[in-house]
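Participant: Right, I'll just put the structure down here and ask away after.
The values are calculated or read from the model by the stated rules, or taken from the named source; none is laboratory data. These numbers were taken from a predicted model, which means no experiment stands behind them. Here the Cβ positions follow ideal geometry from the backbone for every residue, glycine too, while neighbour counts run over all protein chains shown.
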Amino acid sequence: MIRLTRRYHFPASHRLHSRELSEEANRALYGKCSNPHGHGHDYVLEVSVAGPIDEHGRVADRAVLDRLVEECVLGDFRHANLNRDVPEFSGTVPTSENVVLVIRRRLAAGWPRAYPAPGPKLDTIRLYETKRNVVEQ
Amino acid sequence: MLITRREEFSASHVCLNPALGPEQNRALYGADANPHGHGHNYVVEVTIEGDPDPVSGMVFDLKRLKDFIRREVIEPFDHRFLNREVAPFDRVVPTTENVAREIWRRLEPPLAQAAARLHRVRLYETEDLYVDCFGDRS
């Protein structure tokens, strides 16, 4: 099995704060991540694609992948305030876990158009909030 | 448990299919099809799977792994033009996928003879693009 991974970068701000919890509970749960004005990260996003090597020596066309990620994710997330600018996070806390889930849903929705069957499969989404905090699914 | 050794080699390559015309190659491979080639500082990570030996505490001696990688990969690939100097890339397009797979092919047999189970070859063409080869496992 061969897996191709492309790495992307997007700076974005967010705030971790749940409306269902009190201010004290938010502070206890999220610590500094619940500071009221938010804070930012240079997120690193890795998108992995799996499949056999085709007759052109590739698992997937990189340009197609780049276009899909730009259209489905980066265009909305880059230089954005995730809580305010990305609709999915108006009611969902933009933890890295939830950001990975949203990214996967967006890419999965565009995948059949970009890579019609029996093309390569979307394998893993990995998100580095910082160099030390990484979430993948 | 997985253990990994990282090595580097600098090499040039061209990605194109000689059976296709320049426009088709450009459409398929983009700038990678520039006919005189271009280069990368490739990074290869070789991962072995196993359990630590109760006496040595090692899954596999990383010094020996380094020697295997240097002999089978770095010496033949480093500072070479892959298409012209490294088989099979005279007839197989040296995409990252094909180079990773060739590295697996070169490493797996000698490592298996040394009782090391090769788990993954990861090849970075750039910091933002890498390929994982897991052999024949799906």
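Participant: Does A:His37 satisfy being over 30 Å from A:Pro120 (Cα atoms) and in contact with a Pro (Cβ under 6 Å, 6 or more places away or on another chain)?
Facilitator: Numbers: over 30 Å from A:Pro120 (Cα atoms): yes; in contact with a Pro (Cβ under 6 Å, 6 or more places away or on another chain): no.
Here the answer is no, as A:His37 does not meet what is asked.
Participant: I'm trying to understand the selection: among the residues of segment A:86-114, which are without any contact (Cβ under 8 Å) to a residue 24 or more places away in the chain and either within 18 Å of A:Ile125 (Cα to Cα) or buried (at least 16 other Cβ atoms within 10 Å of the Cβ) (or both)?
Facilitator: A:Val86, A:Glu88, A:Thr92, A:Asn98, A:Val102, A:Arg105, A:Ala108, A:Pro112, listed by residue number.
Participant: Next question, about the same structure. Does A:Val64 count as assigned to a helix (DSSP H, G or I) and either aromatic (Phe, Trp, Tyr) or within 14 Å of chain B (Cβ to nearest Cβ) (or both)?
Facilitator: Working: assigned to a helix (DSSP H, G or I): yes; either aromatic (Phe, Trp, Tyr) or within 14 Å of chain B (Cβ to nearest Cβ) (or both): yes.
It is true that A:Val64 is assigned to a helix (DSSP H, G or I) and either aromatic (Phe, Trp, Tyr) or within 14 Å of chain B (Cβ to nearest Cβ) (or both).
Participant: Do we have B:Phe89 as crowded, with 18+ Cβ neighbours inside 10 Å and more than 14 Å from chain A (Cβ to nearest Cβ) here?
Facilitator: When the stated conditions are applied, B:Phe89 does not pass them.
Participant: Here is a further query. When you scan segment B:106-127, do you find a residue that is within 14 Å of chain A (Cβ to nearest Cβ) and of a type in the set (Lys, Arg), even just one?
Facilitator: yes
Participant: Kindly provide the set of residues from segment A:72-114 that are among the aliphatic types (A, V, I, L, M) and either at pLDDT below 95 or under 18 Å from A:Glu129 (Cα atoms) (or both), ordered by number. Step through it out loud before you land on a result.
Facilitator: So in segment A:72-114, the residues among the aliphatic types (A, V, I, L, M) come out as A:73-74, A:80, A:82, A:86, A:93, A:99-103, A:107-109, A:114.
Result: A:Val73, A:Leu74, A:Ala80, A:Leu82, A:Val86, A:Val93, A:Val99, A:Val100, A:Leu101, A:Val102, A:Ile103.
Participant: Looking at segment B:93-105, which of its residues are at the interface with another protein chain (Cβ under 8 Å from one of its Cβ atoms), of a type outside the set (A, V, I, L, M) and within 9 Å of the chain's Cα centre (by Cα)? Don't jump to the end; show me each part of the working.
Facilitator: Step one: filter segment B:93-105 for residues at the interface with another protein chain (Cβ under 8 Å from one of its Cβ atoms), giving B:93-98, B:100-101.
Then keep just the ones that are of a type outside the set (A, V, I, L, M); that gives B:94-98, B:101.
Result: B:Thr96, B:Glu97, B:Asn98, B:Arg101.
Participant: Can you find, within segment B:39-53, the residue that is nearest to B:Pro110 (Cα to Cα) among those that are of a type outside the set (D, E, K, R) and outside any strand (DSSP E or B)? Please lay out each step first, then the result.
Facilitator: Filtering segment B:39-53 down to residues of a type outside the set (D, E, K, R) leaves B:39-44, B:46-48, B:50, B:52.
Restricting the remaining residues to those that are outside any strand (DSSP E or B) gives B:50, B:52.
On the way: B:Gly50: 16, B:Pro52: 20 Å.
Out of the qualifying residues, it is B:Gly50.
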